[in-house]
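Read-outs throughout are calculated quantities, based only on the coordinates presented, and are distinct from any laboratory measurement. What you see is a predicted model; the values in this text were computed from it and never measured. When we count neighbours, we look across all protein chains shown, and the Cβ atoms used for this are built from the backbone with ideal geometry, even at glycine.
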Amino acid sequence: MTEYTVEFVGANETITVSDKETILSRCIEEGINQEYSCRVGTCLACSAEIIEGQVAQPAARGFTDKEKENYALTCMARPQSDLKLEMGVYPPSIEDDVETGAVADD
């Protein structure tokens with residue numbers, strides 16, 4: 001098991017997360033305020049922009065493959081390096097849907 005430092009840019013919060021646990025689970029344990037809902041990678045409430053570093057998130061169904069390179073769903077993401085994340089940032093495709101009032105087809 002390897003542990004990595006996860007820094008939340010703009011929130012002045014830093015935690016240590018192992019590569020065997022999700023970032024969200026450690027946030028909850030550490031008492032860090034992180035928005036979430038479904039905890040299964042589909043609602044995008046726990047989205048964060050990856051400023052620096054790498055995550056593994058194979059079950060993050062809410063993102064396209066390209067979005068997975070720049071954004072993390074903290075409920076699914078496990079660190080693969082030290083990270084800098086900005087919480088509450090959504091990929092452009094989601095922001096576009098919010099601005100236009102589009103509703104996803106289920």
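Summary table below
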read-out: Y71 long-range amide H proximity, modeled H, under 5 Å; value: I50
read-out: Cβ-defined net charge surrounding D82, 12 Å radius [Lys, Arg +1; Asp, Glu -1]; value: -3
read-out: With eigenvalues of the C-alpha gyration tensor scaled by 5 and rooted, the chain, Å; value: 23, 14, 13
